[in-house]
Amino acid sequence: MSTPTPEELDATWQSLQDALALEETPPEEALPEGLEDSRWADEEAFYEALATSMQADGPVEAADAAVIEAALEAVPVSTPGRGRVGLIVALVVAAAAAVLLWTLPTELRLEGQRGTWTTEGGVAMQAGDVLPEGDELVATQAACLSRGDAVLCARDGARLTVDDAEAHAVTLRAGAVDVQAGTWRVSMAGAEHRLGPGDHLAFAILASKRPEAEPLPPAPEPEPEPTADTALDDAPAAGTGGPLPEAEAKRPSLDAATLLERARTARGAGNVAKATRLYRALVRQHPRSSEAKAGRVTLGQLELGRGRAKAALRQFEAYLRAGGPLAEEAAWGKIQALDRLGRTEALEGAIEAFLTTHPRSVYRGRAKGLRP
Amino acid sequence: MDDRTPQGASAPERALVDAAARGDADARRRLLAALLPTLRGATRAVLGVGADADDATQQAAIDVLRGLDTFRGDGSVKAWARTVGVRAALRIARKRRPVAVLDPEVMQAREDVTSMRESIPGELQAHLAKLPALQREAIVLRHGLGYTVPEMATLLETSANTIKSRLLQGRRALRSEIRRATLVAQARRTGDDA
């Protein structure tokens with residue numbers, strides 16, 4: 001028997017380790033005893049260190065008392081009679097929610113028995129499997145994927161990635177797809193196409209029946225630093241408003257629903273800069289729409305994440321003035337923004353108001369911790 | 001508190017949980033105080049150190065109190081609490097992932113950036129940070145926290161094949177990173193010795 005080469009040993013070690021990680025039956029080959037390789041040792045050491053560090057308890061912290069008190073307040077001790085009624089109500093609500101969640105499609109699934117989708121890692125996805133977002137998938141024979149009633153089928157050898165299951169968004173990287181049902185957003189070579197039933201798209205060749213399958217518009221101009229006089233995104237949610245500046249009025253605008261959908265797609269794809277621009281455009285161009293109203297909280301969170309606390313505060317305060325179901329999130333965002341800005345007096349007032357208005361909030365403990 | 005034992009929860013653990021479930025105020029407070037470090041460790045393992053993990057720890061503390069009746073005593077209280085913490089962290093990861101993790105620009109700008117720097121050694125953090133969020137999550141749950149593939153499928157509400165795909169992708173990306181780092185370190189040592 002010939003001595004295996006280092007490359008063969010390495011390949012054997014890799015297949016053994018990966019099979020063990022996936023809890024699958026490892027291949028028949030075994031490594032010779034006593035064989036050492038620094039690459040294997042480094043990888044083994046990595047996973048040992050990972051397990052050691054991640055299974056350790058966290059530290060005891062000064063805020064623990066506040067966290068405990070908040071939890072005790074959020075889950076009061078119930079009396080036996082009311083507890084049983086509460087339990088029954090909770091079970092009914094949970095059962096209804098489970099039925100609702102079961103009927104709502106949340107992931108793209110392989111439709112029917114035709115064909116197979118194979119991932120980059122060589123895993124064959126069978127009918128009913130949830131297809132992973134972000135991984136490149138190759139269609140074997142004609143393979144379809146669906147979410148609810150929407151169905152997209154691909155020709156043999158087509159390659160695509162699922163960008164956003166909820167938005168029916170995929171990127172086609174090779175081959176061709178046909179839309180059987182529903183509306184799909186298919187990106188190809190940097191352009192996005194909205195396809196409906198009967199539409200066909202082949203890589204690098206658009207062969208849609210619908211001439212209005214439009215690419216995305218160019219990204220809006222970067223926002224100027226806001227001043228007291230140019231707070232375009234402070235347009236009131238309802239009421240007077242006023243004429244937009246001339247440059248803004250001339251720019252072609254999409255409808256609120258389209259802007260919101262594209263903003264969410266950009267956010268889901270991790271493109272925060274683009275998502276921020278689109279949310280700003282939504283709030284600026286359609287200030288009275290319900291989409292803009294809800295979008296203010298998201299925009300505030302994005303601005304906060306980008307270190308723009310003043311801009312974030314404007315959004316949260318605008319939402320709170322109008323009111324809505326996201327008031328708790330907007331109020332917590334306002335507190336965080338005020339803290340970042342160092343506005344101590346306003347922060348104190350905002351925290352007291354928050355604790356009064358949202359006594360069972362999950363943010364309660366952290367809000368108390370920000371008290372000046 | 002004891003960690004997972006083949007015999008399940010110890011008698012003192014069982015007694016404390018039972019008392020807390022009956023509504024004993026002191027028992028509830030002592031139980032949370034004992035479990036908070038475990039909850040914090042679990043949420044930081046998934047989300048890193050930062051505001052998201054703090055929120056998840058708070059929610060996990062609430063979930064512990066709400067779920068006392070579900071603790072069966074098959075394993076230790078600490079192991080049960082760790083899973084409660086992981087679930088709470090995963091819920092937040094689902095809601096906040098696009099902002100908190102994927103965009104390097106955001107991670108640079110945020111002062112309270114969700115960072116793993118304080119919870120795991122720097123080199124581990126550097127390698128893991130290069131993975132896409134879903135692959136990193138799979139690696140952390142499987143190799144960091146020791147969950148099996150079926151357990152992960154339940155936690156993440158997805159199929160076992162999807163989990164395996166993410167694990168394979170993540171392991172192969174990490175393998176490449178670790179080997180590159182090994183070669184760089186070797187070359188550096190060779191240069192130093194020259």
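Kindly indicate whether any position in segment B:153-161 is among the β-branched types (Val, Ile, Thr) and under 24 Å from B:ARG40 (Cα atoms). Yes, that holds for at least one residue. Per the listing A:PRO211, A:PRO222, the residue uniquely within 14 Å of chain B (Cβ to nearest Cβ), farther than 22 Å from A:GLU136 by Cβ, outside any helix (DSSP H, G or I) and at pLDDT below 75 is A:PRO222.
Just to check your reading of the model, which residue among B:ILE139, B:ILE163 is touching a Pro at 6+ places or on another chain (Cβ under 9 Å) and more than 7 Å from chain A (Cβ to nearest Cβ)? The match here is B:ILE163. Note on segment A:1-25: residues that are of a type in the set (A, V, I, L, M), in contact with a helix residue (DSSP H, G or I) (Cβ under 7 Å, 6 or more places away or on another chain) and closer than 15 Å to A:GLU44 by Cβ amount to 1. Go through the residues of segment A:142-164 one by one and say whether even a single one is modelled with pLDDT under 70 and either closer than 22 Å to B:THR154 by Cα or surrounded by fewer than 18 Cβ atoms within 10 Å (Cβ to Cβ) (or both). Looking through segment A:142-164, none of the residues is modelled with pLDDT under 70 and either closer than 22 Å to B:THR154 by Cα or surrounded by fewer than 18 Cβ atoms within 10 Å (Cβ to Cβ) (or both). Scanning segment B:7-64 for residues that are within 19 Å of the chain's Cα centre (by Cα) and among the hydroxyl-bearing types (Ser, Thr, Tyr) returns B:THR38, B:THR43, B:THR57. Restrict the check to segment A:322-336 and report whether at least one residue is within 20 Å of A:TYR279 (Cα to Cα), over 24 Å from the mean Cα position of the chain (by Cα) and in a helix (DSSP H, G or I). Within segment A:322-336, one or more residues are within 20 Å of A:TYR279 (Cα to Cα), over 24 Å from the mean Cα position of the chain (by Cα) and in a helix (DSSP H, G or I). With respect to the stated conditions, A:LEU355 fails to be aliphatic (A, V, I, L, M) and buried (at least 23 other Cβ atoms within 10 Å of the Cβ).
Taken over segment A:45-71, the residue count meeting the criterion of being of a type in the set (A, V, I, L, M, F, W, C), in a helix (DSSP H, G or I) and within 16 Å of B:ALA60 (Cα to Cα) is 6.
The numbered conditions (1) of a type in the set (Gly, Ala, Ser); (2) away from every other protein chain (no Cβ under 11 Å); (3) surrounded by fewer than 18 Cβ atoms within 10 Å (Cβ to Cβ) are all true for B:ALA33 except (2).
Would you confirm, using the coordinates I've provided, whether B:THR158 is within 8 Å of chain A (Cβ to nearest Cβ) and at pLDDT below 90? So B:THR158 fits the description; yes. Taking segment A:316-346 as the range and being under 17 Å from A:LYS293 (Cβ atoms), buried (at least 22 other Cβ atoms within 10 Å of the Cβ) and within 14 Å of chain B (Cβ to nearest Cβ) as the test, only A:GLY333 passes.
Annotation: of all residues in segment A:40-54 being among the charged types (D, E, K, R) and more than 7 Å from every other protein chain (Cβ to nearest Cβ), the one that is farthest from B:ARG44 (Cα to Cα) is A:GLU44.
The values are calculated or read from the model by the stated rules, or taken from the named source; none is laboratory data. It should be emphasised that the depicted structure is a prediction, and the values quoted were computed from it without experimental measurement. Positions of Cβ are generated from backbone atoms using ideal geometry, with glycine treated the same way; all protein chains shown enter the neighbour counts.
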